[in-house]
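Heads up: the structure comes next, in structure tokens.
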Amino acid sequence: MAHKHIQIFDTTLRDGEQVPGCQLNTDEKIEIALALEKLGVDIMEVGFPISSPGDFDSVSKIASIITESTVCALSRAVEKDIDAAAEAVKNARMPRIHTGIGTSDSHVYSKLRTTRENVLERGVAAVKYAKRFVEDVEFYAEDAGRTDNEYLAKVLEVVIAAGATVVNIPDTTGYCLPWQYGAKIKYIKEHVRGIDKVHISTHCHNDLGLATANSIAGVEHGATQVECTINGIGERAGNASLEEVVMILRQHQDLNFDTRIQSRQLKSMSELVSTRMRMPVQSNKAIVGSNAFSHSSGIHQDGVIKSRETYEIIDPLDVGVHESSIVLTARSGRAALKFRAAKLGFDVEREQMEPYYEAFLKLADEKKVVQDQDLLSLFSS
């Protein structure tokens, strides 16, 4: 049976760029947008045009260049926002306006200081207004994660009737547990009239470290679009990580979902975003971190040398990493030392290894990590 296609909505250039100190100029945004197109994202959200002249200019230029992905611009449920978004994406081959409003009691009563009825009216008005400019209108129910399900269903039903083509269910504060978020998507699938005619989108934040897990739970319960960022960057603790979502769906074939992401470009894409945004990727970051395919424990090294699958569920090549890395430390064993020595041209028999290994351990205690140059000296002496 063919895998069900899950759309990848990348918001690196919008939500990702909200990280303090990570702002990009227009040329950098265009470079990343072109790389995202090549990566295979279905939709790229490339900015919030009303926010500044620079952002408007970037969105407009990207919209005129990208041909293989939908180009999306964000707006609030305000006509001047929607006007700016529409003008910015007007030259896109596949334009989308992403508009919406807060729906949780916290947003309705504390932030917006209005009523639930008024939020319904504003949501409908925003969608209808955006439909004057583009056919593809996505509606976000901000803080849907903490919104009462019955009211959320009512909001979604009226905006779908108004013409929304995608409904976004953001866990804006990263509050939900996976079972809660999955149950929310399930409730929406079962209780919203017209839901079968639109895409349901996840947009999960990582405040509790659950953004990826919540996104997958959403997909399992009926979401057909996942909003995410390269390296999981974004507001506060970040967003769902694109590379994690993609590889989870790809590795768990039993889920019967997949994306059109060219996964062998994930490592280079990660490095590009990290470099341009001046935001290092933590070494132990899943999929793209420098230690994701590195092994320093002797037990793990021995297993990987014998069979990579012993300790790696992903082939490094599948995400654009050349090969697994055997890192020599004081925790490394004889098998790893012999393996690395052979790579350097020193074919030492097992019974001859002991004096080299003892010298290696002394060196490893001093240097923490033993490099190839150290091994050249060790085996040449």
For residues that are closer than 18 Å to Ile287 by Cβ and either surrounded by fewer than 24 Cβ atoms within 10 Å (Cβ to Cβ) or not assigned by TED's automatic domain parsing to the domain that holds Leu39 (or both), tally how many sit in region 196-211. 3
The condition of being over 19 Å from the mean Cα position of the chain (by Cα), at positive phi and of a type outside the set (Ser, Thr, Tyr) holds, among Gly40, Gly47, Gly21, Gly54, only for Gly21
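Going through region 16-30 one residue at a time, which ones are buried (at least 23 other Cβ atoms within 10 Å of the Cβ) and either in contact with a strand residue (DSSP E or B) (Cβ under 7 Å, 6 or more places away or on another chain) or part of a loop (DSSP other than H, G, I, E, B) (or both)?
Matches in region 16-30: Gly16 only.
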Among residues of region 103-150, those that are of a type in the set (A, V, I, L, M, F, W, C), touching a residue at least 40 places away in the same chain (Cβ under 8 Å) and farther than 24 Å from Ile185 by Cβ, counted: 3
I'd like to verify a number: residues in region 320-357 that are assigned to a helix (DSSP H, G or I), surrounded by 10 or more Cβ atoms within 10 Å (Cβ to Cβ) and of a type in the set (D, E, K, R), how many? 5
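Restricting region 133-147 to residues that are within 25 Å of Ala84 (Cβ to Cβ) and part of a loop (DSSP other than H, G, I, E, B), which is farthest from the chain's Cα centre (by Cα)?
First pass over region 133-147, keeping only residues within 25 Å of Ala84 (Cβ to Cβ): 133-144.
When the remaining residues are screened for being part of a loop (DSSP other than H, G, I, E, B), the result is 133-136, 143.
Details: Phe133: 29, Val134: 26, Glu135: 26, Asp136: 22, Asp143: 19 Å.
Selected residue: Phe133.
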Give region 236-266 a look and list any residue that's among the hydrophobic types (A, V, I, L, M, F, W, C) and either touching a Lys or Arg at 6+ places or on another chain (Cβ under 8 Å) or touching a residue at least 60 places away in the same chain (Cβ under 8 Å) (or both), or say none. Ala237, Leu242, Val245, Val246, Met247, Leu249, Phe257, Ile261, Leu266
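Name the helices (runs of 4 or more DSSP H) wholly inside region 148-229 in which the number of residues that are aromatic (Phe, Trp, Tyr) is 2 or more.
Hits in region 148-229: 178-191.
Can you go through Ile248, Ile299 and tell me which one is part of a helix (DSSP H, G or I), under 17 Å from the mean Cα position of the chain (by Cα), more than 28 Å from Gln23 (Cβ to Cβ) and among the hydrophobic types (A, V, I, L, M, F, W, C)?
Exactly one residue qualifies, and that residue is Ile248.
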Here the residues within region 256-287 that are more than 30 Å from Phe339 (Cα to Cα), surrounded by fewer than 17 Cβ atoms within 10 Å (Cβ to Cβ) and touching a strand residue (DSSP E or B) at 6+ places or on another chain (Cβ under 9 Å) are Asn256, Asp258, Arg260
Looking only at region 288-296, decide whether some residue is under 20 Å from the mean Cα position of the chain (by Cα), surrounded by 19 or more Cβ atoms within 10 Å (Cβ to Cβ), in a loop (DSSP other than H, G, I, E, B) and of a type in the set (A, V, I, L, M). yes
Are there any pairs with C-beta distances below 8 angstrom linking a residue in region 65-93 that is touching a residue at least 60 places away in the same chain (Cβ under 8 Å) to a residue that is acidic (Asp, Glu), with the two at least 6 apart or on different chains, and if so which? Thr70/Asp42; Thr70/Asp136; Cys72/Glu45; Cys72/Glu138; Leu74/Glu45
Step by step: first the residues of region 101-132, then only those that are among the basic types (Lys, Arg) and part of a loop (DSSP other than H, G, I, E, B), then the one that is surrounded by the most Cβ atoms within 10 Å (Cβ to Cβ). Which residue is that? Lys131
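Give Ala85, Ala92 a once-over and let me know the one that is outside any helix (DSSP H, G or I), surrounded by 24 or more Cβ atoms within 10 Å (Cβ to Cβ) and small (Gly, Ala, Ser).
Just a single option satisfies the conditions, and that option is Ala92.
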Subset of region 59-82, residues within 29 Å of Val119 (Cα to Cα), of a type outside the set (Lys, Arg) and part of a helix (DSSP H, G or I), comes to Val59, Glu79, Asp81, Ile82
Out of Glu235, Glu243, sole residue that is in contact with a helix residue (DSSP H, G or I) (Cβ under 8 Å, 6 or more places away or on another chain), surrounded by 14 or more Cβ atoms within 10 Å (Cβ to Cβ), assigned by TED's automatic domain parsing to the domain that holds Gly174 and in a loop (DSSP other than H, G, I, E, B): Glu235
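The values are calculated or read from the model by the stated rules, or taken from the named source; none is laboratory data. Note that this is a predicted model, so its numbers are computed, not measured. Glycine also receives a Cβ, built like all others from the backbone with ideal geometry; neighbour counts cover every protein chain displayed.
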